[in-house]
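For reference, the structure is listed below as structure tokens.
The values are calculated or read from the model by the stated rules, or taken from the named source; none is laboratory data. These figures come from a predicted structure and were not determined experimentally. Glycine gets a Cβ as well: all are built from the backbone with ideal geometry, and neighbour counts include every protein chain shown. Protein only, heavy atoms only, side chains kept; ligands, DNA and RNA dropped before computing areas. Shrake-Rupley method; radii C 1.70, N 1.55, O 1.52, S 1.80 Å.
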Amino acid sequence: MTESLEKPRTQDHLDTITQALNGGMFVHVRRMLQQMRPGDVAWLLESSPSPSRKVLWQLIDPDEYGEILEELSEEVRDGIIRLMDPGKLAAALEDMESDDLAYVLRDLPEQLFNQVLTQMDEQDRQRAQQALSYPEDTAGSIMNTEFITLRADVSIEVVLRYLRLHTELPEGTDTLYVVDQNNRLLGDISLASLVVQDPATTVAEAMDTQVEAIPLTMTDTDVANLFERHDWLSAPVVDEDYQLLGRITIDDVVDIIREEGEHSMMGMAKMDDDEDTFAPVLTSARRRSIWLTVNLGSALLAASVSNMFEETLSQLATLAILMTIVPSMGGIAGNQTLALVIRGMAVGHIGDSNARWLLTKEALVGLFNGLLWAVMVAVVVSLWKGSWEIGLVLASAMFINLSVAGLAGAAIPLVMRKLNIDPALAGSMALTTVTDIVGLFSFLGLSTLILLH
């Protein structure tokens with residue numbers, strides 16, 4: 001119920017603040033912004049056109065800059081950062097966790113990046129450089145280094161006294177990690193378990209030694225899959241020597257899952273998942289024109305197949321009516337397989353060990369569907385047009401294209417992954433090109449052979 005009420009309330013904020021900005025009520029807007037949480041302010045900025053964004057940012061309390069920046073999408077954040085001088089940006093990053101610090105700093109222009117580093121104190125500078133030393137989209141790049149460690153030989157009573165010395169625990173702390181003198185991970189103990197233990201018990205007796213740690217180089221997608229599989233709230237990150245380097249918390253994983261979903265959804269439209277909804281006209285047009293150009297090339301390629309059979313089409317006008325059926329059916333069948341395989345790859349179900357089995361299975365599905373729909377379309381078209389020859393041509397072409405579509409829908413994302421090409425972004429276009437060309441060539445080619453000879 002809370003979730004369902006939250007969105008309308010934020011939408012009300014957007015409408016009210018927009019009206020207040022248009023009316024020049026800047027003091028009122030500033031007060032409203034002060035009452036909003038950083039995540040809601042970030043949402044508000046992302047939902048506002050560029051001119052309003054600039055005014056809103058000037059009205060926000062500078063003490064909130066850091067928390068808001070880490071909530072913004074990449075493109076909107078980059079636009080906001082261009083409004084800030086290096087000193088203010090460095091101040092905004094002071095109390096940011098290491099993973100969020102890397103997120104903000106990673107895409108800064110080199111000149112601005114160096115200016116910001118020089119404005120930071122030594123401790124923040126070292127944190128930033130360490131966070132940025134790990135490859136992007138790995139466990140190291142999303143972990144934070146703020147956590148509490150314990151020694152195995154101390155008592156629970158000592159641990160509780162130690163915790164009371166802190167004014168607050170690192171954000172998202174649900175587990176304390178037990179390490180040896182070389183900082184190697186030995187086990188962990190949850191806060192819930194800690195408070196119910198006998199104070200005289202040692203940490204070694206109370207800790208859980210069956211800890212599944214995340215390797216530093218694991219991809220963030222694999223990390224998200226582990227969290228989903230085990231229902232974790234947090235997990236330790238270790239290097240190859242099992243030394244504890246950081247931890248990943250559920251809020252970071254939620255961001256990964258959301259970004260993966262946005263990437264898949266926007267990828268189907270051949271768009272960047274971080275594209276700003278309110279980006280300038282020329283910027284949006286330039287980005288979209290890239291894939292429109294590629295798509296035009298594939299469409300012309302398919303049209304050239306039809307052009308090869310221009311004489312056939314001129315003699316049999318009926319073919320022009322029926323020729324779109326085969327590519328359309330192949331495209332739908334192929335995209336069903338493509339979506340299934342891309343989802344399987346995203347959640348880690350598909351690897352080298354089962355890829356061949358999957359290809360075989362989808363090829364057989366394509367053959368079965370091809371046979372089923374070929375028979376059906378042969379009967380319908382033969383009765384409709386009164387020609388069993390046309391029915392035979394359409395049925396044969398349908399069988400060929402659906403068979404190829406099933407195999408291509410499975411093979412294209414697997415091949416693209418091998419070539420380090422994102423199948424969510426380019427797979428659909430490649431598949432459409434294949435099914436259009438195969439569908440048209442088989443239909444018009446068989447028409448030429450059977451109907452005109």
Exercise. If you scan the range 345-365, which residues turn out to be surrounded by 14 or more Cβ atoms within 10 Å (Cβ to Cβ), small (Gly, Ala, Ser) and more than 16 Å from Thr219 (Cβ to Cβ)?
Worked result: Ala355, Ala363
For this session: Considering every residue within the range 408-417, establish whether at least one is under 27 Å from Asn307 (Cβ atoms), part of a helix (DSSP H, G or I) and open to solvent by 20 Å² or more (accessible area, probe 1.4 Å).
Result: yes
Problem set entry | helices (runs of 4 or more DSSP H) contained in the range 296-393 and holding at least 1 residues polar (S, T, N, Q) and over 17 Å from Phe443 (Cα atoms) | 325-346, 352-385
For this session: Collect the residues in the range 239-267 that are β-branched (Val, Ile, Thr), modelled with pLDDT of 85 or more, open to solvent by less than 50 Å² (accessible area, probe 1.4 Å) and part of a helix (DSSP H, G or I), keeping them in residue-number order.
Result: Val253
Seminar exercise, completed: Heads up, the helices (runs of 4 or more DSSP H) in the range 1-104 (entirely inside) with at least 3 residues that are farther than 24 Å from Met120 by Cβ and either at pLDDT 85 or above or under 26 Å from the mean Cα position of the chain (by Cα) (or both) are 2-22, 26-34, 38-46, 50-59
For this session: Determine whether Glu136 is within 30 Å of Phe113 (Cβ to Cβ), surrounded by fewer than 14 Cβ atoms within 10 Å (Cβ to Cβ) and under 26 Å from the mean Cα position of the chain (by Cα).
Result: yes
Problem set entry | Search result, residues across the range 193-203 that are in contact (Cβ under 8 Å) with a residue 40 or more places away in the chain and open to solvent by less than 50 Å² (accessible area, probe 1.4 Å) | Thr201, Thr202, Val203
For this session: Count, please, the residues in the range 105-130 that happen to be outside any loop (DSSP other than H, G, I, E, B) and open to solvent by 60 Å² or more (accessible area, probe 1.4 Å).
Result: 11
Exercise. In the range 206-235, which residues are within 29 Å of Arg343 (Cβ to Cβ), open to solvent by less than 40 Å² (accessible area, probe 1.4 Å) and in contact (Cβ under 8 Å) with a residue 24 or more places away in the chain?
Worked result: Ala213, Ile214, Leu216, Asp220, Thr221, Val223, Ala224, Asn225, Phe227, Ser234
Exercise. Which of the residues belonging to the range 159-172 are surrounded by fewer than 19 Cβ atoms within 10 Å (Cβ to Cβ) and either touching a residue at least 24 places away in the same chain (Cβ under 8 Å) or within 29 Å of Asp100 (Cα to Cα) (or both)?
Worked result: Leu160, Tyr162, Leu163, Arg164, Leu165, His166, Thr167, Glu168, Leu169, Pro170, Glu171, Gly172
